[in-house]
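A short write-up of the structure that comes next.
Here, each number is a calculation from the coordinates, and none is a lab measurement. Given the structure is predicted, the values throughout are model-derived calculations rather than measurements. No Cβ is skipped: glycine too gets one built from the backbone with ideal geometry, and neighbour counts run over all protein chains shown.
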Amino acid sequence: MGKFLSYTLGAIIGGVVGGATVLLTTPKRGEEFRNDLKEKASNFQQPLKDAANNLSAVKERVMALKEDSVPVLKSTVSDIGNLLKDWKEDIQPYLTRIKNNVVQLEAAKEKLSNKMTEQAPEKKPGEEQTPPSL
């Protein structure tokens, strides 16, 4: 016999022997056993129904929260955008003034640098230049 056939035959024989053992060793009659099984199944179903009801209630609350919060979030985002726009408009004159000051400082630096190179005395070889005294 092949491995599959012997495995299948063993599973069938084991199932029949196991089922017969359970039926013969059950302390209750079949009808009592079925009634107990139905009662346990119904006891198990009630918590599942409660959980399903609770889950649907949670889903409804989440959907209501979503519907309530979306307009508030859109309004908040719009308000923040308007505040940023107003802030940019408020600081624009200051930025322009700062840029002009930077340009003036760079021009003054360049002018000073040119003046210093024009007034610097020529060094003779071997002479050290001493800084001007204050």
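Here's the picture: charge each Lys and Arg Cβ at +1 and each Asp and Glu Cβ at -1 in the chain, and of ILE80, THR8, VAL70 the one pushed furthest to the positive end of that dipole is THR8.
Note on the stretch 44-60 and the stretch 84-111: Cα centroid distance 65 Å, given to the nearest whole angstrom.
Taking square-rooted eigenvalues a ≥ b ≥ c of the alpha carbon gyration tensor, is the chain rounded, prolate or oblate, where a/c under 1.5 means rounded and, failing that, a/b exceeding b/c means prolate? In terms of gyration-tensor shape, prolate. Between 0 and 90 degrees, the angle of helix 3-25 with respect to the longest Cα principal axis of the chain falls at about 60 degrees. Full extension of the chain between SER6 and GLN119 yields a length gain of 29.6 nm, computed as 0.36 nm times the residue separation minus the alpha carbon distance. For the stretch 4-93, a crude dipole built from +1 on the beta carbon of Lys and Arg and -1 on the beta carbon of Asp and Glu, taken about the Cα centre, is about 540 debye to the nearest 20.
Put a dot 7 Å past the Cα of VAL62, heading toward its Cβ, do the same for LYS88, and the two dots end up 3.7 nm apart.
Of the two radii for the stretch 12-82, the radius of gyration is 1.55 times the Kirkwood radius, both from the alpha carbons; that is the Rg over Rh value.
First check a/c for the stretch 8-47, with a ≥ b ≥ c the square roots of the eigenvalues of its C-alpha gyration tensor; if it is under 1.5, answer rounded, and if not, answer prolate when a/b is larger than b/c or oblate otherwise. Could the numbers behind the result be given before it?
Working: a/c = 4.81, a/b = 1.82, b/c = 2.64.
Verdict is oblate for the stretch 8-47.
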